[in-house]
């Protein structure tokens with residue numbers, strides 16, 4: 001498997017297969033959304049588009065980065081989502097990095113949205129699909145976010161058959177600037193448990209697959225057999 005690690009701005013063409021990584025917190029939140037019962041997630045290009053989609057579909061749930069805001073029902077925090085019932089709902093998600101990265105590779109034949117909580121399932125799906133070339137999109141901090149790079153590198157090693165010790169990769173993520181900002185309250189719309197939840201390796205048995213449906217980028221869970 002040929003593997004590349006790129007920031008969003010470094011993407012010049014649609015890769016054949018892409019794994020878009022946002023550990024803190026968009027693609028930790030997405031698996032939690034499914035765990036809370038949601039049917040699908042629709043990625044919005046902008047906050048205005050998120051609100052417009054919700055206006056057209058009164059039962060949809062709109063979710064964004066930062067503090068609570070008028071028109072939005074939830075914020076991008078796994079800790080805050082633990083008590084939310086999303087049974088059968090569609091969630092519209094707009095964040096500053098993760099959703100941007102996924103939309104940037106929407107023309108790829110396979111797009112997976114990943115974090116540590118779905119790492120093993122993501123790696124296994126890459127193996128099952130027999131991907132010869134995979135681009136890992138490191139979404140945070142213009143491609144330099146160490147929590148995202150560490151997760152991407154870990155998944156890449158698992159997908160190529162290596163058995164890396166996860167502890168070092170989780171340590172890097174836990175010592176990242178994003179983790180510090182969440183812990184110190186720099187980032188709004190957070191829960192005290194967010195960092196710990198973002199570092200729960202393989203909490204969920206499914207991968208998160210993104211694909212175009214009627215011009216919208218839609219995320220759905222894909223259970224991967226062990």
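Does any residue in the stretch 94-116 that is at positive phi and touching a residue at least 60 places away in the same chain (Cβ under 8 Å) come within less than 6 Å, Cβ to Cβ, of a residue that is surrounded by fewer than 24 Cβ atoms within 10 Å (Cβ to Cβ) and part of a strand (DSSP E or B) six or more places away or on a different chain, and which pairs are these? Pairs that qualify, where the first residue is at positive phi and touching a residue at least 60 places away in the same chain (Cβ under 8 Å) and the partner is surrounded by fewer than 24 Cβ atoms within 10 Å (Cβ to Cβ) and part of a strand (DSSP E or B): there are none. Taking the conditions (1) surrounded by fewer than 20 Cβ atoms within 10 Å (Cβ to Cβ); (2) within 15 Å of the chain's Cα centre (by Cα); (3) under 24 Å from residue 74 (Cβ atoms) in turn, residue 184 satisfies each one other than (2).
Checked against (1) within 26 Å of residue 186 (Cα to Cα); (2) free of Cβ contacts under 8 Å to residues at least 40 places away in the same chain; (3) surrounded by 17 or more Cβ atoms within 10 Å (Cβ to Cβ), residue 54 passes all but condition (1). Residues in the stretch 1-24 that are surrounded by 21 or more Cβ atoms within 10 Å (Cβ to Cβ), outside any loop (DSSP other than H, G, I, E, B) and in contact with a helix residue (DSSP H, G or I) (Cβ under 6 Å, 6 or more places away or on another chain): 20, 21. Applying the set (1) assigned to a helix (DSSP H, G or I); (2) out of contact with any strand residue (DSSP E or B) (no Cβ under 6 Å at 6 or more places or on another chain); (3) closer than 18 Å to residue 182 by Cα to residue 27 leaves exactly one unmet item: (2).
Evaluating residue 69 against the criteria (1) under 30 Å from residue 180 (Cβ atoms); (2) modelled with pLDDT of 95 or more leaves one unmet condition, (2). With respect to (1) outside any helix (DSSP H, G or I); (2) more than 30 Å from residue 53 (Cα to Cα); (3) at pLDDT 95 or above, the lone exception for residue 196 is condition (1). Residues in the stretch 71-125 that are assigned to a loop (DSSP other than H, G, I, E, B) and either over 13 Å from the mean Cα position of the chain (by Cα) or closer than 14 Å to residue 139 by Cα (or both): 20 in all. With the condition kept exactly as written, say whether any residue in the stretch 142-161 is in contact with a helix residue (DSSP H, G or I) (Cβ under 6 Å, 6 or more places away or on another chain) and assigned to a strand (DSSP E or B). No, there is no match, as no residue in the stretch 142-161 is in contact with a helix residue (DSSP H, G or I) (Cβ under 6 Å, 6 or more places away or on another chain) and assigned to a strand (DSSP E or B). Looking at 152, 178, just one residue is closer than 20 Å to residue 67 by Cβ, within 16 Å of the chain's Cα centre (by Cα) and crowded, with 23+ Cβ neighbours inside 10 Å, and that residue is 178. Among the residues that make up the stretch 193-215, is at least one of them free of Cβ contacts under 8 Å to residues at least 40 places away in the same chain, out of contact with any helix residue (DSSP H, G or I) (no Cβ under 6 Å at 6 or more places or on another chain), under 21 Å from residue 149 (Cα atoms) and surrounded by fewer than 16 Cβ atoms within 10 Å (Cβ to Cβ)? Checked against the condition, which is being free of Cβ contacts under 8 Å to residues at least 40 places away in the same chain, out of contact with any helix residue (DSSP H, G or I) (no Cβ under 6 Å at 6 or more places or on another chain), under 21 Å from residue 149 (Cα atoms) and surrounded by fewer than 16 Cβ atoms within 10 Å (Cβ to Cβ), the stretch 193-215 yields at least one hit.
The values are calculated or read from the model by the stated rules, or taken from the named source; none is laboratory data. Keep in mind that what you see is a predicted model, and the values were worked out from it rather than measured. Note: ideal-geometry Cβ built from the backbone for every residue, glycine included; neighbour counts use all protein chains shown.
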